[in-house]
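Just below is one structure, and these are the notes that go with it.
Bear in mind that the values in this text are calculations on the coordinates, not laboratory data. Fair warning: this is a prediction, and the values are worked out from it, not measured in the lab. Here the Cβ positions follow ideal geometry from the backbone for every residue, glycine too, while neighbour counts run over all protein chains shown.
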Amino acid sequence: MDVLTLSRLQFALTIAFHYIFPPLSIGLGLILVIMEGWYLKTKNELYHRMTHFWVKIFGLIFAIGVASGIVMEFQFGTNWSVYSRFVGDVFGSALAAEGIFAFFLESGFLSILLFGWNKVSPKIHFLSTIMVALGAHFSAIWIVVANSWQQTPAGHHIVGEGLAARAEMLDFWQVVFNPSTVDRVWHTYMGAWQAGAFFILSVSAFYIIRKKYLDFARASIKIGLVVAAVASVLQLVSGHSSAVGVSQNQPAKLAAFESHYEASAPADMYLFGWVNEENEQVNLGIKIPGMLSWLVYGDAGRPLTGLRAFPPDKLPPVNFVFQTYHAMVGIGMILILLAWGGLALWWRRKLFDIKWFLWILVFSVMGPQLANQLGWFSAEVGRQPYIVYDLLRTSDAFSRTVTSGEVITSLILFGIIYIFLLALFIYLLNQKIQHGPDDEAVAEGHLA
């Protein structure tokens, strides 16, 4: 393979692995605030035990997330030097803001969150929990701002020509509030809240099935269900709003999402299918006629711009984007059913007696992770062939001085390291889950 393909694979590997952890940190951060806030309100020791247990899990996730994320920034300089020069003025400001307003806030209060149980007052500890959760959320804002600018550039002008060209920022706030930022931030948040909630549901359901720590598990699962139910519906709303924005700002991407080829015609919505890109048709597909036009405009007969309206060299790989997008949507709908179905069973006092549903919840932890990854693939591959939409092609953005052998070597090494990190994470996570909340609380002297 050539350097460009290998560099793209390497970045895809590193970001896909890293993106397992930030959504969990954001989602768990929100739930920790709920649990500890409820403890302060009710003085119920159960919620103190819950917070203490999930804080330890949060610390593990945060540590692996930081370790796996550092290498991505180095790749900008090693594998994507033209891209780094082009976006440096814009990207640098967003990454600096992420460090100042998010990472320092999160890491500064993390030590109090993890080790301050008996060293600060309950209210100060709760403040640290809030600050860490806010830091995780702020971090997502600035990373999504930087990425959204690549999708819908704004607030800049181009200086220089050819491969020496670069984007120079003119208006910081136009960069921050570029046309896709708000929708994408909320869509990212809802995916992260679901990741945290279904993680809580998975561990809690496992405890209930094993008949261990039942009071703890039942209380945790209730909070997880409420967060999952709210986030899953809001995710649907934010996803719709984001798709409407894509129709306005990146019409070729939306057309690829639904394999809409007609240059200007009402657009159907497919439930599934396989795109034959040579024949420009969907095989084995089931569709709802005019549904995409209705979702975008509220009018099933209104035309949408299709793939034939664009030159072939400006189109993304249609079938790949079609499949990842539909898989993401399908998983999202399943998560809605699981969250609201579980909430209904809990309301009817039947949830903890239905073992097969509890087993589904145990494995449901994979749902948000897969949906988040697939959504990221859809967004990033869907803007191809551009790395900065309509401004810089991916084929022009990589480093010319790096060889295929060098990228293959680093790719293999990263793969080995990430396998080790994943195995370490699973081992430590399993240890903490098997150890359980009660034992930890007693050992720390939090219970009489």
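In this Cβ point-charge picture (+1 for Lys and Arg, -1 for Asp and Glu), segment 239-327 has a dipole of about 200 debye about its Cα centre.
In a simple Cβ point-charge model (Lys, Arg +1; Asp, Glu -1; nothing else charged), the chain has a dipole of about 1560 debye relative to its Cα centre. For the chain, averaging the sequence separation of C-alpha pairs within contact (under 8 Å, six or more residues apart) and dividing by the residue count gives a relative contact order of 20 percent. Under a Gaussian network description of the chain, with springs only between Cα atoms under 10 Å, the residue in LEU370, LEU284, LEU351 that fluctuates furthest is LEU284.
Can you put LEU28, LEU214 in order, fewest other beta carbons within 10 Å first? Write out the running numbers ahead of the final one.
Values: LEU28 27, LEU214 13.
Going from least to most buried by this count: LEU214, LEU28.
For segment 189-197, backbone phi angles converted through the Karplus equation (6.51, -1.76, 1.60; θ = phi - 60°) give residue-by-residue couplings of 4, 5, x, 5, 4, 5, 4, x, 5 Hz, Gly and Pro being listed as x. Each of VAL145, SER247, LEU32 was scored by the projection of its Cα onto the charge dipole of segment 3-443, and the greatest displacement toward the positive side belongs to LEU32; charges sit on the C-beta of Lys, Arg, Asp and Glu.
For the residues SER220, SER259, SER395, a GNM of the chain with alpha-carbon springs under 10 Å puts the largest fluctuation on SER395.
Remark on GLY285: its backbone amide H falls under 5 Å from those of TRP274, a criterion applied only to residues 5 or more positions apart or on other chains, H modelled at 1.01 Å from N.
Give me TRP347, TRP274 ranked fewest to most by other Cβ atoms within 10 Å of their Cβ, as a rough exposure proxy. Please report the intermediate quantities before stating the final value.
Details: TRP347 10, TRP274 13.
Starting with the residue having the fewest Cβ neighbours, the order is TRP347, TRP274.
Evaluated with a Cβ-only charge set (Lys, Arg +1; Asp, Glu -1), segment 166-291 carries a dipole of roughly 1040 debye about its Cα centre, given to the nearest 20. Amide H contacts of ALA265 (H built 1.01 Å from N, in plane; Pro and chain starts excluded): LEU304, GLY306 sit under 5 Å, all sequence-distant by 5 or more or on other chains. When peptides 56-63, 312-319, 428-435, 233-240 are ranked by their average number of other Cβ atoms within 10 Å per residue, the highest-first order is 56-63, 233-240, 312-319, 428-435.
The GNM of the chain, with springs linking C-alpha atoms under 10 angstrom apart, assigns the highest mean-square fluctuation among SER121, SER180, SER68 to SER121. Distant-in-sequence amide contacts of TYR386, defined by a placed amide H-H separation under 5 Å and a gap of 5 or more residues or a different chain, comprise THR394. Positive-end ranking of TYR207, ILE417, ILE158 along the dipole of segment 3-443, with charges on Cβ about the Cα centre, is headed by TYR207. If R0 equals 30 Å, the separation of the Cβ atoms of ASN279 and PHE74 corresponds to a calculated FRET efficiency of about 0.10.
The HN-Hα couplings worked out from phi for segment 171-178 by the Karplus form 6.51 cos²θ - 1.76 cosθ + 1.60 (θ = phi - 60°) are 9, 4, 6, 5, 5, 5, 9, 5 Hz, whole numbers, x standing for Gly and Pro. The 3J(HN,Hα) values that the Karplus relation (6.51, -1.76, 1.60; θ = phi - 60°) gives for segment 283-293 are, in residue order, 8, 6, x, 10, 10, 10, x, x, 5, 5, 4 Hz. Gly and Pro appear as x. With distances taken between every two different alpha-carbon atoms, segment 281-335 has a Kirkwood hydrodynamic radius of 13.3 Å.
Sort TRP142, TRP38 so that the residue with the fewest other Cβ atoms within 10 Å of its own Cβ comes first and the one with the most comes last. List each step's numbers first, then the result.
Working: TRP142 22, TRP38 18.
The most exposed by this proxy come first: TRP38, TRP142.
So what's the back-of-envelope 222 nm ellipticity for the chain, counting only DSSP H runs of four-plus at -39500 (n - 2.57) apiece and dividing by all residues, rounded to 500? Let's see the in-between values first.
Values: 16 runs with 311 residues, N = 448.
That comes out to -24000 deg cm²/dmol.
Computed over segment 3-443, the P(r) curve from all C-alpha pair distances, binned at 20 Å from the origin, holds 24, 54, 22, 1 percent per bin. Across the chain, the longest piece that holds none of the GluC sites (Glu not before Pro) lying in DSSP loops with up to 10 other C-beta atoms within 10 Å covers 279-448. Dipole of the chain computed with +1 at Lys/Arg Cβ and -1 at Asp/Glu Cβ about the Cα centre; of HIS435, PHE86, ILE286, farthest Cα towards the positive end is HIS435.
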